[in-house]
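The values are calculated or read from the model by the stated rules, or taken from the named source; none is laboratory data. For clarity, every value in this text was computed on a predicted model and none was experimentally measured. Reconstructed Cβ throughout: ideal geometry from the backbone, glycine too, with neighbour counts over all protein chains shown. In case anyone asks, the SASA skips ligands and DNA or RNA and just uses the protein heavy atoms, side chains included. Shrake-Rupley method; radii C 1.70, N 1.55, O 1.52, S 1.80 Å.
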There are 2 protein chains.
Amino acid sequence: MEILADQTPLPDAIDERLRSQLTFVIEVDRLKTVLRQSPLAAAPRRENDAEHSWHLAMMVVLLAEHSDEPIDVGHTIRLVLVHDLVEIYAGDTPLYSASTDQQEREEAAADRLFGLLPPDQAVAMRALWDEFEARVTPEARFAKAMDRLQPLLLNWMARGGTWKSPGVTADVVRARKAVIGEASSALWEAGQVLIDEGERRGWSRSGS
Amino acid sequence: MEILADQTPLPDAIDERLRSQLTFVIEVDRLKTVLRQSPLAAAPRRENDAEHSWHLAMMVVLLAEHSDEPIDVGHTIRLVLVHDLVEIYAGDTPLYSASTDQQEREEAAADRLFGLLPPDQAVAMRALWDEFEARVTPEARFAKAMDRLQPLLLNWMARGGTWKSPGVTADVVRARKAVIGEASSALWEAGQVLIDEGERRGWSRSGS
């Protein structure tokens, strides 16, 4: 797959470092075409990764006060902005799926995508993605919690959504969403209210 | 227009402050349905405001070094995340249009939308939007520069895009994009290369 900027190359009159940066900015336009499983609340279609990433960033701004540990909000926003970028080449891996080569595909995608940037920025972007994936810092834990809470809200609004996927039960949802509690007891409490009430209303299957 | 969360109300078991925040988080899902004029680089369709806002946030992270004045990157990201929210109720106003009641519509939209939040956060979000609009701080100037540079890149990739709108010439484009130069001489220089080259190739009309 050629990179987008190769279709209409940026003029050489633009400084090389800036040209690399703009080439990357153009390439990540592809994130808008990576579809997720979640249905929007506002329209009858699936969400894409770029919209999703924006939504998480907005949630970080609004919900940071619920983090159990102090977090650097600006840094947490950076984590959610970049967390799905590798899906541009690796594709979305649905939460309720069993994928075996996801990590391998995403590592290759990261090398290729971040390699478009000047070396110092390639390292910085890769570090953000690695931090998100490792979930060791309070910021990464909170970012991951947003990534799990947001589709939970969309499933609530859809009165089921991906909770109705084959093989998914309310207990499976609880298990996959429990990482929210590693970042915020208040948000996980609210998440459990939604999951429990969804099960009670028959929007997810009971049993494990 | 009822708010989205009224379609599937959040249970009262969720704490009131958090319920207000989640109600807002659900409502802003609508930003994904507000279409802009710009065509995507990665697919044959128009861009929506949520994707656009994510793209600007990514650009702030990558291009901040080109600001002529020091900026707080985390704060600048917040400005671009919220800058189009009022369009949820007020709609998008294309750059190359003459709108007379835009400000009035957007003020009313801000009151309504931010009013869903707890009062302290309503004030904070409104302050971010006002700061972006006033373009007085270095962060707001840089945020606005991103807002003008991003569609310029998309028009370049589309070999014209909205540059081909009725009444638009290369000089009109230059005049509307000159605010980029208030934040970054390097980015405005690159922007002018793209506008000049686009005019030379016939992707915009010459003359004023």
- Task: Go through region B:44-70 and count every residue that is in a loop (DSSP other than H, G, I, E, B) and under 28 Å from residue A:124 (Cβ atoms).
- Result: 4
- Top-ranked residue in region A:1-23 [being in a helix (DSSP H, G or I) and more than 7 Å from every other protein chain (Cβ to nearest Cβ); ranked as least open to solvent (accessible area, probe 1.4 Å)]: A:5
- Message: I want to confirm something. Restricting to region A:27-70 and keeping residues that are among the basic types (Lys, Arg) and touching a helix residue (DSSP H, G or I) at 6+ places or on another chain (Cβ under 8 Å), which single residue is farthest from the other protein chains (Cβ to nearest Cβ)?
- Response: A:36
- Contacts under 6 angstrom Cβ, first residue in region A:68-97 being in contact (Cβ under 8 Å) with a residue 60 or more places away in the chain, partner part of a loop (DSSP other than H, G, I, E, B) and open to solvent by 30 Å² or more (accessible area, probe 1.4 Å), 6 or more apart: A:96/A:165
- Restricting attention to region B:171-189, and to residues there that are open to solvent by 10 Å² or more (accessible area, probe 1.4 Å) and within 14 Å of chain A (Cβ to nearest Cβ), which single residue is nearest to the chain's Cα centre (by Cα)? B:188
- Item | Where a residue in region A:136-149 is farther than 13 Å from residue A:78 by Cα and its partner, wherever it lies, is among the small types (Gly, Ala, Ser) and surrounded by fewer than 22 Cβ atoms within 10 Å (Cβ to Cβ), with Cβ under 7 Å and at least six apart | A:138/A:67
- Query: Taking region B:24-43 as the search range and keeping residues that are open to solvent by 20 Å² or more (accessible area, probe 1.4 Å) and in a helix (DSSP H, G or I), which one is farthest from residue A:157 (Cα to Cα)?
  - Reply: B:33
